[in-house]
1. 222 nm [θ] for the chain, helices only, -39500 (n - 2.57) per DSSP H run of 4+, per residue, to 500?
2. Which whole-number percent gives the relative contact order of the chain, counting Cα pairs below 8 Å spaced six or more residues apart?
3. Can you put 96, 80 in order of Cβ neighbours within 10 angstrom, beginning with the fewest?
4. Mind checking the angle between helix 20-31 and the chain's longest principal axis? C-alpha axes, 0 to 90 degrees, to the nearest 10.
5. Which parts of the stretch 145-159 would a label at residue 195 reach, counting a residue when its backbone N lies under 17 Å from a point 7 Å out along Cα-to-Cβ?
6. Calculate, for residue 167 and residue 249, the FRET efficiency according to 1/(1 + (r/R0)^6) with r their C-beta to C-beta distance and R0 30 Å; round to the nearest 0.05.
7. Multiply the residue gap between residue 110 and residue 214 by 0.36 nm, knock off their C-alpha separation, and tell me the result in nm, one decimal place.
8. For a footprinting-style exposure proxy, rank 151, 210 by other Cβ within 10 Å, fewest first.
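No lab work stands behind these numbers, since they all come straight from the coordinates. Keep in mind that what you see is a predicted model, and the values were worked out from it rather than measured. Note: ideal-geometry Cβ built from the backbone for every residue, glycine included; neighbour counts use all protein chains shown.
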């Protein structure tokens with residue numbers, strides 16, 4: 001793990017950071033000196049991550065990103081504790097697999113509320129603070145947002161929305177000094193994809209389509225997030241960056257969940 005201090009004094013909210021990719025991102029920013037805000041719906045899991053970090057630079061705000069009032073709460077508590085906000089990482093997300101005609105309203109609402117509305121609510125609330133600090137938004141989308149998966153139409157739609165929101169917000173906020181980018185993982189080790197990773201047949205098929213022949217690790221996504229938040233990326237905005245082991249290098253093939 002890098003010992004850089006390039007984020008010392010910077011404050012980052014990472015949603016969905018009690019496990020998996022979000023936890024990896026929180027740990028990476030913390031290791032580089034940042035104040036990190038840990039969030040997920042499960043307060044106990046959030047506390048478990050936080051207790052392994054420097055308490056002076058860690059804040060837990062558990063709650064549901066799909067609720068607009070919670071966006072106000074987490075941003076307010078962050079600014080109250082650390083004095084401002086420099087970066088927002090919209091990572092919280094869920095998937096739902098199946099045929100669209102078999103999905104009821106509750107299933108549709110769950111995915112859209114968390115994957116799309118959650119990003120909209122947090123971004124909307126954070127933007128005034130990010131304008132003050134000339135900060136950035138990093139959305140964790142998916143290669144599934146740029147192509148189709150036969151059994152994930154709802155997930156595809158939600159992540160496609162995140163990819164286009166990234167482009168739109170980048171154009172809207174660039175003149176005010178705020179950069180907006182997204183990261184598009186393929187299969188990356190996390191609770192969401194454990195079932196796929198533990199399925200030998202599914203993994204064989206997926207690895208055949210991955211140039212690097214391995215699943216992603218949370219640290220892979222965290223490294224990309226740290227780069228996009230850093231001064232090294234100061235001229236990068238509106239980018240949907242594939243961090244996918246080479247899946248997107250093969251044009252015309254269907255993508256799969258990340």
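1. Numbers: 9 runs with 105 residues, N = 258.
Counting only the DSSP helices, I get -12500 deg cm²/dmol.
2. Working: 547 pairs, mean separation 51.4, N = 258.
Contact order relative to length: 20 percent.
3. Details: 96 17, 80 9.
Placing the least packed residue first, the sequence is 80, 96.
4. For helix 20-31, the angle is close to 30 degrees.
5. Within reach of a label on residue 195, which here means backbone N under 17 Å from a point 7 Å along Cα→Cβ, the stretch 145-159 contributes 149-156.
6. Numbers: r = 21 Å, r/R0 = 0.71.
Using R0 = 30 Å, I get an efficiency of 0.90.
7. On the way: separation 104, 0.36 × 104 = 37.44 nm, distance 3.01 nm.
Additional length available on full extension: 34.4 nm.
8. Values: 151 15, 210 20.
In order of increasing Cβ crowding within 10 Å: 151, 210.
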